[in-house]
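Accompanying notes for the structure given below.
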Amino acid sequence: MTENRMRVKPYPLGAHLEEDGIRFAFVSAKEKCGIILYDKKTGKKMKKIPFTKEDKKGKIYFKYVTGIKPEEVSYLFYEDEEPVADPYAKAFVSAMSYGKERKETDLKASFVTYDFDWEGDENPKIPYKDCIAYCMHVRGFTKHPTSNVTHKGTFLGLTEKISYLKEIGITTVELQPAYEFLEIPGKRELQKEHRKLVGISGMDGEEKKLNYWGYKRGFYYTPKAGYAFGEDPQKEFKQMVKDFHKNGMEVIMQFYFPKDMTLAEIPEILRFWVLEYHVDGFHLMGERIPMDLILQDGMLCDSKIWYYQFNTDEIYERNEMPQYCNLAEYQDDYLYTMRKFLKGDSDMLGGVMYQMRHIPEKCGRIHYMSNYYGMTLRDMVSYDYKHNEENGEEGRDGNDYNCSWNCGEEGNTRKKKIAALRIRQLKNAICMLMLSQSTPLIFMGDEFGNSQQGNNNPYCQDNKITWLDWRDMEKNKEIFEFWKALVALRKKHSILHPASEFRIMDYASCGYPDLSYHGENAWRPRMEGHVRHIGMMYCGKYALDADRTEDDFFYVAMNMHWEHHRLALPNLPKGLEWQLICSTETVEEKIVEEELGEPEDGKLIPMIPPRTIMIYKSEVK
């Protein structure tokens, strides 16, 4: 084992295989530091290699060592005799299973010594208008015994569900933190976290509580070993991405960076995952994200970047259009507006009209009514209040206001009327998601009514609260089938998922604007604060279907009031008539005799039941 000073260079940081040796680079402010080599198989210490003053430039120590068989060793760095895990490690040796307390020094770094066969893998680069996104926790998605997969709670388990995800229309999966992190850190690591775990309100950082979500500083260069079925998380993650790409689907990774993160390192981390793991993009989270550096990075211009918001006027020149629209806004404004409208709040129509049509210029937008935080769609219509008792924080954690409504009884119910109303409200929420013109996203299980028993902050729950119970798919089959039908409708008709925001103008000189709004009288929406119903017409002349023909006209009647209301249907071009193709009211509540009101000036005026959305489509007479 020898050192070769002729081959020494400080970057990149960490440990890297180079021809016949390994080049180590470590950042430290200490004078006494170095490398500890271990036998990978037995874990026994083999050799301690100190850094010298000659090995230092700035705060970086670096050394090139030969005579090592990388497949047989692991390593830690040390400072003043204290072992230190390599934050730039590409792999770790660890026999500890998920949910066990670990120290950073348990994470001995190792080396990936093989080449993965990507078989010509390519990123699908799906346009935002064609995306339907699905946020998930890798472990929670398939960990439950009812998931019917072999590799439960792992990357491979996720791969086994690709056919299911395709069945429900998903094009893009968003993974909660899937890089390595300490889900139950040791005492020293808890002290580093400033006595509070990131994003958790009221939790004593000295309590060794499981961090199920993973929104904390991580080891950003390797997939999480606890999400791997075997001992090679690197290979399993790559296989997962490759299988998604073979099915024309995308993988987006969430990355949380704490505010004390070295900003220049963040683009480096993203580049690594694009090159090494072929991921399709990133949802960036944290207080200090160097967006200027990321947007100027030539490697990342083809990767989807999701962030709170973007100032495209500063990113692009006035008449410049991005060759590939990779940016997308990701924030909660849609969630709060649409939830309030759904439960019947007043003064919401203006915001609803905007949220359902808004697509930022030169940028995409991800819209959602549920996510990993807050209540699921099912809980949103089943609980007035959060129920976080099992978190052990005496109700201090999680949002106090969720814009939810229990429909008449808190939690589970046997009352048929309340159960039917909840189903109708879930269908209404699905309609709003699918008929809004930006990119829809749901949280895992919402397509079949998954519940977290009212827990709106299950950050520490690795159990039935956060694991999908796949029996709910059959139990809530009506919701599941409705979801698939609305996804299919959206995908089939281009007018329902345009590339840019509707102008509400007749710029094609066809006699109809692309989008128009209506009330009891056609073309005259009522916007008073107490009004909770509106009709929206999408003109198919502004979109072409796959066979290059004009799309159909659609009319969406939304009534979130607790009383019946009429909404006028505008006249269609000659030879066409309106046909009702979808209604969210349940069979038990259907009032057939009141479905249509009296004609007025030749126009049908449908009677829309309370808390109901009805969809009409143009048909040839």
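The values are calculated or read from the model by the stated rules, or taken from the named source; none is laboratory data. Keep in mind it's a predicted model, so treat the numbers as computed, not measured. FYI the Cβ positions are ideal-geometry reconstructions off the backbone, even for glycines, and counts take in every protein chain you see.
Can you tell me which residue is surrounded by the fewest Cβ atoms within 10 Å (Cβ to Cβ) among those in the range 141-174 that are more than 17 Å from Lys246 (Cα to Cα) and of a type in the set (Gly, Ala, Ser)? Going through the qualifying residues, I end up with Ser147.
The single condition among (1) surrounded by fewer than 19 Cβ atoms within 10 Å (Cβ to Cβ); (2) modelled with pLDDT of 95 or more; (3) under 30 Å from Asn476 (Cα atoms) that Arg524 does not meet is (3).
Can you tell me which residue is surrounded by the fewest Cβ atoms within 10 Å (Cβ to Cβ) among those in the range 490-521 that are within 30 Å of Asp345 (Cβ to Cβ) and of a type in the set (Phe, Trp, Tyr)? Result: Tyr517. Inspect the range 364-380 for any residue being closer than 24 Å to Asp514 by Cβ and in contact with a Cys (Cβ under 8 Å, 6 or more places away or on another chain) and give the result as yes or no. Yes, the range 364-380 contains at least one residue that is closer than 24 Å to Asp514 by Cβ and in contact with a Cys (Cβ under 8 Å, 6 or more places away or on another chain).
Among residues belonging to the range 330-348 that are crowded, with 17+ Cβ neighbours inside 10 Å and assigned to a loop (DSSP other than H, G, I, E, B), point out the one that is farthest from the chain's Cα centre (by Cα). Top of the filtered list is Met348.
Quick check: anything in the range 316-329 part of a strand (DSSP E or B), closer than 25 Å to Thr262 by Cβ, of a type outside the set (Asp, Glu) and within 15 Å of the chain's Cα centre (by Cα)? Yes, that holds for at least one residue.
Can you tell me which residues in the range 263-290 are in contact with a strand residue (DSSP E or B) (Cβ under 7 Å, 6 or more places away or on another chain), without any contact (Cβ under 8 Å) to a residue 40 or more places away in the chain and not in a loop (DSSP other than H, G, I, E, B)? Selection gives Leu270, Trp273, Phe282, Leu284.
Applying the set (1) modelled with pLDDT under 90; (2) under 24 Å from Ile269 (Cβ atoms) to Leu13 leaves exactly one unmet item: (1).
If you go through the range 453-489 and keep only what is crowded, with 22+ Cβ neighbours inside 10 Å and within 22 Å of Tyr215 (Cβ to Cβ), you end up with Gly454, Asn455, Asn456, Asn457, Pro458, Tyr459, Cys460, Thr466, Trp467, Leu468. Taking the range 535-621 as the region of interest, the strands (runs of 3 or more DSSP E) fully inside it that hold 3 or more residues being among the aliphatic types (A, V, I, L, M), at pLDDT 85 or above and surrounded by fewer than 20 Cβ atoms within 10 Å (Cβ to Cβ) are 576-583.
For the range 338-377, the set of residues classified as hydroxyl-bearing (Ser, Thr, Tyr) and farther than 24 Å from Asn388 by Cα consists of Ser346, Tyr354, listed by residue number.
On the basis of being modelled with pLDDT under 95, part of a helix (DSSP H, G or I) and not polar (S, T, N, Q), does Asp297 make the cut? No: the conditions fail for Asp297. Checked against (1) surrounded by fewer than 18 Cβ atoms within 10 Å (Cβ to Cβ); (2) modelled with pLDDT of 95 or more; (3) in a helix (DSSP H, G or I), Asp117 passes all but a single condition, namely (3).
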